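The values are calculated or read from the model by the stated rules, or taken from the named source; none is laboratory data. It should be emphasised that the depicted structure is a prediction, and the values quoted were computed from it without experimental measurement. Cβ coordinates were reconstructed from backbone atoms using ideal geometry, including for glycine residues, and neighbour counts include every protein chain displayed.
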Amino acid sequence: MPFAEYDSNGILIGGLAHRWFTLKSLKWKPTVMERERYTVKDLAGYFGRFTVSQITDDHVETWAKQRAAGCAAVTFNRDLIRLNEIFNYAVCKGYRFDNPAQYIEKRPTVKYVPTIPSRTEFANILAIMRSNKSKPTASASADLCEGLTYLGCRKADAAWLEWQHIDFKIGTVRITGHPLTHTKNGEQRIIPLFDPLRRLLLDMRAALPAPPQPTDKVFMVKSCRKAFETACQQLGLPHYPPHHTWRRFFISHCIMAGIDAETIAP
């Protein structure tokens, strides 16, 4: 059995990796599945030329040296975990007698200390993003950045926020996530429609050419990475991770406002 087989369009169609992926992906969300497709493809780039029984300890050691030299420790460790899972599956199914990757050790990682913009930097970033009139999505990108800051939700959840989820009378926003996979913890969340968030949503609705339908998406773009990074560069600010920076901004300011962690966590 080959380690992996791909068709002419680059789609995984056979081999050990395909069998493992098909079984493992049953419990994955679409975003995880898409990421792991790339992981398997990277592994197949080296091991795909072998059958499962041909792969030796030396092959795995050579792969580990090459891969470690070309990627971050976190990426290497994730690839190694998946490689071990694939070989363990092969042993379980009787395709191999051993796992040749079991003695490869993970690389040490440097603990990441997240940083967030100050309130002034936050305002300046949004101003720069909105001022780029040459880009038709400039205002929509800024709306997403500001919305993520006030909602405190993940980018994937914000992408599925519809106008019917916003109740201006009661003063709430309902976060449902993907229609099939929902939010990360599988639960819906109700967020109070506090003044800055209400003002943003009212401004966004007023800027639409026509009143939105209940099922229309609130945010017109799914990503603001490029606009955000460009604004940070123009302002001479550090490289803040796009999208998730605003979630950290929200959480940090909630804590500074005296809200306990148990209330924020859900």
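Before moving on, here are some points about what is shown:
- Any chance residue 183 is surrounded by 13 or more Cβ atoms within 10 Å (Cβ to Cβ), under 17 Å from residue 246 (Cα atoms) and among the polar types (S, T, N, Q): no
- Residue satisfying all of: in region 188-215; assigned to a helix (DSSP H, G or I) and not charged (D, E, K, R); nearest to residue 166 (Cα to Cα) among these: 201
- Among the residues making up region 144-159, those that are hydrophobic (A, V, I, L, M, F, W, C) and buried (at least 20 other Cβ atoms within 10 Å of the Cβ) are 144, 145, 148, 151, 153, 158.
- Checklist (1) under 18 Å from residue 205 (Cα atoms); (2) in contact with a Leu (Cβ under 6 Å, 6 or more places away or on another chain) applied to residue 168, failing item: (2)
- Count - residues of region 191-207 that are within 23 Å of residue 156 (Cβ to Cβ), without any contact (Cβ under 8 Å) to a residue 40 or more places away in the chain and exposed (fewer than 13 other Cβ atoms within 10 Å of the Cβ): 1
- Screening residue 73 with (1) modelled with pLDDT of 95 or more; (2) of a type outside the set (D, E, K, R); (3) within 26 Å of the chain's Cα centre (by Cα) gives one miss only, at (1).
- Unique residue being in contact (Cβ under 8 Å) with a residue 12 or more places away in the chain, touching a helix residue (DSSP H, G or I) at 6+ places or on another chain (Cβ under 7 Å) and assigned by TED's automatic domain parsing to the domain that holds residue 127 when the list is 177, 171: 177
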